[in-house]
Amino acid sequence: MKGYYFITDSKLSLKGNLSDISAAVKAQVRIIQYRSKDRTVKQMYAEALALRKIARGALFIINDRIDIALAVDADGVHLGAEDMPYEAARKILGKDRIIGLTVHTVEQAEHAQLLGADYLGVSAIFATRTKPDAGNPSGVELIRRIKKIASIPVVAIGGITLENAPEVINAGADALCAISAVVTHPDVAAAIISFQKLFSNLKNLKDIVA
């Protein structure tokens, strides 16, 4: 898992989730997460089913809802602290589907890895308007500390822009998600590509820093 990790946000999006995911696929995003906080279960299912068809070729992850993930044959789920416990989710999903866990501390990252999480979503790196309840920003130092103990991919989330993304990458993040900076852009695919280019452009610098 390297590069840009796409997460939907229908409240901020200029063109809607269908258009945004089509743009993400066009930009060759490898992993796409469907997150919705303003839909009924019936609406979520219908939208997730439509998005699943568009996202073929990328890993398709459902935020929170294991039932929706199974119903649309998603590749996995992403769970936060208030969601179903990892052990129960794994029992339902089986060993082959992906489960990512949100963490806010090194201790949580260690625990998530011991449980068997497939990747870590570290949040929030910077202040973010997509999750106002995310608490105080952790900064890139948390990425560095987690990378020292993590053997699974680390995805940085929260308040990331083109201006601060180099800090995040140089701290060791395997992937990053910038929601506002992408879904509010008039050309979503172009915005994503700008973030993806940072990974290749900074590769040598990362080697030096490491």
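Every number here is computed from the coordinates shown, using simple stated rules; none is lab data. Keep in mind it's a predicted model, so treat the numbers as computed, not measured. Here the Cβ is made from the backbone with ideal geometry for all residues, glycine too, and neighbour counts use every protein chain on show.
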Inset, instruction - Could you list, in their original order, any pairs among 53/95; 53/148; 148/197; 2/91; 91/197 whose Cα atoms are separated by more than 32 Å? - result: 53/148; 91/197
Inset, instruction - Per DSSP H run of n ≥ 4, the term is -39500 (n - 2.57); total these for the chain, divide by its residue number, and report the mean residue ellipticity at 222 nm rounded to 500 deg cm²/dmol. - result: -12000 deg cm²/dmol
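Suppose every Lys and Arg Cβ carries +1 and every Asp and Glu Cβ carries -1, with no other charges. What dipole size does the range 1-112 come out with about its Cα centre, to the nearest 20 debye? Mind dumping the intermediate values first?
Values: 17 positive and 14 negative charges, 110 e Å.
Once rounded to the nearest 20, the dipole reads 520 debye.
Tally the DSSP beta bridges in the chain and give the antiparallel ones as a percent, rounded to 5.
Numbers: 0 of 26 bridges.
Percent antiparallel among DSSP bridges in the chain is about 0.
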Legend entry - Cα-centre dipole for the range 3-209 with unit charges at Cβ (Lys and Arg positive, Asp and Glu negative), debye to 20: 420 debye
Inset, instruction - For the range 3-209, just the Cα set please: Rg and Dmax, both in angstrom. - result: 16.0, 50
Legend entry - Percentage relative contact order, the range 3-209, counting C-alpha pairs under 8 Å, at least six apart: 20 percent
